[in-house]
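Values quoted throughout were computed directly from the atomic coordinates according to the rules given, and no laboratory measurement underlies them. Computed from a predicted structure; not experimentally measured. So basically every Cβ, Gly included, is an ideal-geometry build from the backbone, and we count neighbours across all protein chains shown.
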Amino acid sequence: MADDFRPKLKAFAERMVGLAPHCTNEESTKLYLILPFLNFLGYDDRNPNEVRPEYSADFAEKYKGRVDFAILNGAFQ
């Protein structure tokens, strides 16, 4: 499986380079680049147990905020 990852990633990256000019705002970037990449990595972006948008990222009192997407591995559900 590891042997075929590199060519698949290269093909995916080449396709994304072709789509990048169409990413003119945050929403199109999410739809055309981010979500397909999460799917490529094997995550189900439609499953809130795996991927959550606008997730709270309060790491400390000093660092409060949200991240665009959080990939959950079961530890923080």
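Rounded to the nearest 500, what is the chain's calculated 222 nm mean residue ellipticity when only DSSP H runs of at least 4 contribute -39500 (n - 2.57) each, over all residues?
After summing the helix terms and dividing by residue count, I get -10500 deg cm²/dmol.
Under a GNM of the chain (C-alpha, springs under 10 Å), which listed residue has the highest mean-square fluctuation: GLU26, GLU54, GLU14?
So, out of GLU26, GLU54, GLU14, the one fluctuating most is GLU26.
Using only Cα atoms and rounding to the nearest 10 degrees, what angle (0 to 90) does helix 2-19 make with the longest principal axis of the chain?
Helix 2-19 sits at roughly 90 degrees to that axis.
Within the set LYS8/LYS64; LYS8/LYS30; LYS10/LYS30, which residue pairs have Cα atoms separated by over 28 Å?
LYS8/LYS64
Just to be sure I follow the definition: excluding the sites themselves, where is the longest run in the chain that has none of the chymotrypsin sites (Phe, Trp or Tyr not before Pro) in a DSSP loop with at most 14 other Cβ atoms within 10 Å?
It runs 1-58.
In Å, what Rg and Dmax follow from the Cα atoms of the chain?
Every Cα atom of the chain included, Rg and Dmax give 14.9, 44 Å.
Given R₀ = 25 Å, what would the calculated FRET efficiency be for PHE59 paired with LEU38, taking r from the Cβ atoms and rounding to 0.05?
Approximately 0.70, to the nearest 0.05.
Work out, in µm²/s and without decimals, the Stokes-Einstein translational diffusion coefficient of segment 1-42 at 37 °C, 0.692 mPa s, Rh from Kirkwood over C-alpha pairs.
302
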